[in-house]
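Just below is one structure, and these are the notes that go with it.
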Amino acid sequence: MSGKSKYNITFDDRDLDEQEECEAVEVREGDNGGRQKWGRQIEFILSSLSYAVGLGNIWRFPYLCYRNGGGAFLIPYAIMLIVCGMPLMFFELCLGQFGREGPITVWKICPLFQGIGYAMFMISFYIGCYYNVVLSWAIYYIYSSFTHTLPWTSCGEEWRSEYCKEFNSRNCSLNGGIMNVTGECIFRNMTTEEEWDTLNTTTSLLKSPAHEYFHNHVLDITDGLHDMGGLQGNIVLALMVAWIIVYLVLIKGVETFGKAVYFTATFPYLILIVLLVRAATLPGYMNGINFYLTPQWDKLFKASVWGDAAIQIFFSLSPCWGGLITLSSYNKFNNNCYRDAFVVSIGNCLTSFFAGFVIFGIIGFMAHELGLPVEKVAVQGAGLAFVAYPEAVARLPLSPVWSILFFAMLLTLGLGTQFTILTTIITTITDDFPALRGKNFKWALLGACLVMYIIGLSMATKGGMYVLQMMDFYSSTFSALMVGMAEVCHWNYCIFCIILQLHTVIMYAGSLPSVSL
């Protein structure tokens with residue numbers, strides 16, 4: 001059927017079905033190795049949530065909250081979420097969904113800013129290399145927990161040092177004393193001023209069995225970056241297991257990735273609820289919670305608090321890493337990405353807040369057991385996940401069970417993020433080289449995994465912890481802020497161009513004579 005308008009413009013019904021024809025072409029291209037799509041929309045939401053909710057929600061946010069004013073920190077955190085995090089997430093979801101490209105090729109819409117895509121790719125690459133090393137530690141701890149008695153409950157002969165002590169100083173600390181290296185409680189009136197200062201210095205060097213186990217057995221850490229030592233066989237093997245898991249989950253792209261997130265996105269919440277219930281029954285739980293939430297309003301006047309809130313939003317929601325663009329590039333063109341950005345960002349921040357009740361509940365119990373203030377026990381990062389928390393778990397009945405649950409939660413949290421990181425990397429590569437799609441996809445994925453595994457071996461050495469900390473500091477903090485600033489500049493540049501073009505059109509139209517049709 002065809003027709004003619006009064007302005008002599010011919011048309012037919014094929015033009016009216018252009019969108020349907022384009023969608024049919026997309027399906028045919030997908031059959032021939034083209035871009036895939038999410039099987040169901042819930043898979044995209046769960047993937048985005050699993051990507052955003054990671055290890056930082058467990059070992060970084062609660063510590064930042066207490067250090068920066070407790071409950072008062074939630075004010076700058078919420079403001080940074082609304083002002084920075086959510087708009088950037090919405091922008092990246094829109095960009096990826098519209099362009100249906102990876103973080104580099106999508107910038108063909110404005111080649112001037114294509115360097116942003118390369119920066120995103122490199123950030124994801126560096127993070128992906130060291131992220132699986134942290135997961136290998138979790139895998140090794142899970143393996144070590146399958147025993148009747150956890151190995152870090154006492155100072156083992158193979159890894160103990162002269163500073164390893166395994167006594168309980170609670171009663172001594174509560175009475176104002178200090179327990180010496182022999183386990184004797186010494187009070188200030190029993191010694192001279194010099195002897196008391198010497199005793200304080202000596203006891204500050206003492207390390208718990210959990211601390212010694214992580215640093216001297218798991219890491220066997222050296223004195224510095226100048227001494228890398230040899231490879232840690234257990235970590236090398238655990239790192240290989242981590243990369244095999246990632247490879248098998250992503251071997252068919254988003255088809256298998258979308259199914260895996262049903263587990264990786266929901267299992268951590270189940271474990272957090274179980275741990276919260278257990279922590280609430282322990283003595284000292286409320287001391288930890290009060291310490292976590294008690295507001296210190298004077299901290300709001302410090303610029304560093306607002307800076308920490310901004311960095312945590314970037315670190316937690318993970319904009320500017322390229323993952324959000326990648327995930328949304330597999331969406332349908334008309335998907336409601338505004339809704340998705342709101343759900344994922346709010347869900348992620350609520351998860352961080354909720355995790356604090358679990359972490360500081362256990363820390364409160366630990367402080368109660370040791371007879372120390374909560375601030376003496378509260379730490380962040382690897383020290384929380386692999387020292388403080390295992391030490392607290394070791395004091396619980398059925399400690400191996402709680403240890404397995406905790407490290408299984410860490411593993412699934414990390415895998416959820418790592419899946420998206422590697423998907424970002426392989427999507428960027430296959431978008432630049434379309435021949436690697438389809439049947440060649442699994443070989444491209446295998447090559448990426450092997451390269452990143454080999455790089456990760458540098459962090460599986462005895463001095464690898466220093467390399468990991470260096471890569472973490474330079475790849476995932478201020479670099480993401482700089483990329484975010486560049487994205488905002490691009491956003492403003494596009495708006496300026498649109499306004500300029502509209503102004504030109506209006507001026508040009510105003511200079512034309514009127515024509516009656």
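The values are calculated or read from the model by the stated rules, or taken from the named source; none is laboratory data. All of these numbers come straight from a predicted model, not from anything done at the bench. With ideal geometry, Cβ positions are generated from the backbone for all residues, glycine too; neighbour counts draw on all protein chains shown. For accessibility, only protein heavy atoms count, side chains too; no ligands or nucleic acids. Shrake-Rupley method; radii C 1.70, N 1.55, O 1.52, S 1.80 Å.
Considering only region 407-424, I want to know if a residue exists there that is open to solvent by 40 Å² or more (accessible area, probe 1.4 Å) and of a type in the set (A, V, I, L, M, F, W, C).
No, region 407-424 contains no residue that is open to solvent by 40 Å² or more (accessible area, probe 1.4 Å) and of a type in the set (A, V, I, L, M, F, W, C).
Quick grid of which residues meet (1) open to solvent by 40 Å² or more (accessible area, probe 1.4 Å); (2) in contact with a Pro (Cβ under 9 Å, 6 or more places away or on another chain):
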| site | (1), (2) |
| --- | --- |
| MET80 | no, no |
| GLY85 | no, yes |
| MET89 | no, yes |
| CYS94 | yes, no |
| PHE98 | yes, no |
| PRO103 | no, no |
| VAL106 | no, no |
| PRO111 | yes, no |
| TYR118 | yes, yes |
Q. Within region 243-258, is even one residue in a helix (DSSP H, G or I), more than 17 Å from GLY463 (Cα to Cα) and modelled with pLDDT under 70?
A. no
Q | Residue check, ALA509 open to solvent by less than 70 Å² (accessible area, probe 1.4 Å), under 27 Å from ASP308 (Cα atoms) and at pLDDT below 85 | A | no
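The rows are residues; the columns are (1) within 23 Å of ALA52 (Cα to Cα); (2) of a type in the set (A, V, I, L, M, F, W, C); (3) in contact (Cβ under 8 Å) with a residue 24 or more places away in the chain.
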residue: ARG437; (1), (2), (3): no, no, yes
residue: TRP443; (1), (2), (3): no, yes, no
residue: GLY447; (1), (2), (3): no, no, no
residue: GLY456; (1), (2), (3): yes, no, yes
residue: LYS462; (1), (2), (3): no, no, yes
residue: SER475; (1), (2), (3): yes, no, yes
residue: SER479; (1), (2), (3): yes, no, yes
residue: GLU487; (1), (2), (3): yes, no, yes
Q. Regarding GLY364, is this residue under 22 Å from the mean Cα position of the chain (by Cα) and among the small types (Gly, Ala, Ser)?
A. no
Q | Those residues of region 71-124 which are among the small types (Gly, Ala, Ser) and within 22 Å of the chain's Cα centre (by Cα), in sequence order | A | ALA78, GLY85, GLY96, GLY102, GLY117, ALA119, SER124
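Residue-by-condition table, conditions (1) open to solvent by less than 20 Å² (accessible area, probe 1.4 Å); (2) among the aromatic types (Phe, Trp, Tyr); (3) farther than 17 Å from ILE271 by Cβ; (4) not in a helix (DSSP H, G or I):
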site: TYR338; (1), (2), (3), (4): no, yes, yes, no
site: VAL343; (1), (2), (3), (4): no, no, yes, no
site: CYS349; (1), (2), (3), (4): yes, no, yes, no
site: SER352; (1), (2), (3), (4): yes, no, no, no
site: GLY356; (1), (2), (3), (4): yes, no, no, no
site: PHE365; (1), (2), (3), (4): yes, yes, yes, no
site: GLU369; (1), (2), (3), (4): no, no, yes, no
site: GLU375; (1), (2), (3), (4): no, no, yes, no
site: LEU384; (1), (2), (3), (4): yes, no, no, no
Q. Quick one: what pairs do we get from region 110-135, first residue closer than 16 Å to VAL236 by Cα and touching a residue at least 12 places away in the same chain (Cβ under 8 Å), second surrounded by fewer than 19 Cβ atoms within 10 Å (Cβ to Cβ) and among the charged types (D, E, K, R), C-beta under 7 Å, 6+ apart or different chains?
A. TYR130/ASP472
Q. What are the pairs, 6+ residues apart or on separate chains, where a residue within region 260-278 that is without any contact (Cβ under 8 Å) to a residue 60 or more places away in the chain has its Cβ under 9 Å from a residue that is of a type outside the set (Asp, Glu) and open to solvent by less than 10 Å² (accessible area, probe 1.4 Å)?
A. LEU270/MET409; ILE273/VAL358
